[in-house]
Every structure is written in structure tokens, then in C-alpha cells.
Amino acid sequence: MPRMTDNLGRPSFRVYTYIRDSPALSHGLLTDLIFVTPDVQQTEVIDDNMRVIKLHLPVKEGFSWPGNS
């Protein structure tokens, strides 16, 4: 995964997603580009130009967070 920095200077990763219609094809078609920014307390994902907090620590029963805050 190519590493980069986001607009706040945090390390981020570009995730390319592909689809292919046949196992014989060696390369698929690029379908999406997702940016993932791991942090100490949370993991942010940008997909379709929308930033969402996908994971927030601590992970325990009853704990929740606003994903798109």
C-alpha cells in the first residue's frame, strides 16, 4: 500500500480496490480508491469523499462513537 500524509500531516495509506470478471485476467479494473488514516485512538477511512471513523478505542461492550463526527 502506498504511504502518504493527509492534510493534517498524519501518515495515511491509499487502498486501491479492483474487480475482475474472470480468474484468467491477471489485472482487474480499478473500482475505488480508499484512504485509511490510523491514529492512536481511532481509524479514519475516506471513501467516496466522506470521512468516517470506522474504529475507536477502547473496544468494549456498550461503548459507541459518532462515526461521521
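The values are calculated or read from the model by the stated rules, or taken from the named source; none is laboratory data. Fair warning: this is a prediction, and the values are worked out from it, not measured in the lab. For neighbour counting, all protein chains shown are included, and Cβ atoms are generated from backbone atoms with ideal geometry for every residue, glycine included.
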Quick check on the range 2-43: of everything there that is loosely packed, with under 10 Cβ neighbours inside 10 Å and modelled with pLDDT under 80, which residue is farthest from P58 (Cα to Cα)? A24
When the range 30-65 is examined, which residues are found to be more than 22 Å from R3 (Cβ to Cβ), touching a strand residue (DSSP E or B) at 6+ places or on another chain (Cβ under 6 Å) and hydrophobic (A, V, I, L, M, F, W, C)? W65
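How many residues does the range 51-60 contain that are outside any strand (DSSP E or B) and surrounded by 11 or more Cβ atoms within 10 Å (Cβ to Cβ)?
Going through the range 51-60, the residues outside any strand (DSSP E or B) turn out to be 57-60.
Now narrow it down to the ones that are surrounded by 11 or more Cβ atoms within 10 Å (Cβ to Cβ): 57.
Qualifying residue count, the range 51-60: 1.
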Please go through the range 8-50 and give me each residue that is under 21 Å from P66 (Cβ atoms) and either more than 15 Å from the chain's Cα centre (by Cα) or in a loop (DSSP other than H, G, I, E, B) (or both), ordered by number. L8, R10, D39, V40, Q41, D48, N49
Is there any pair linking a residue in the range 46-68 that is at pLDDT 80 or above to one that is loosely packed, with under 10 Cβ neighbours inside 10 Å and not in a strand (DSSP E or B), with Cβ under 7 Å and at least six apart or on different chains, and which? V52/N68; I53/S69
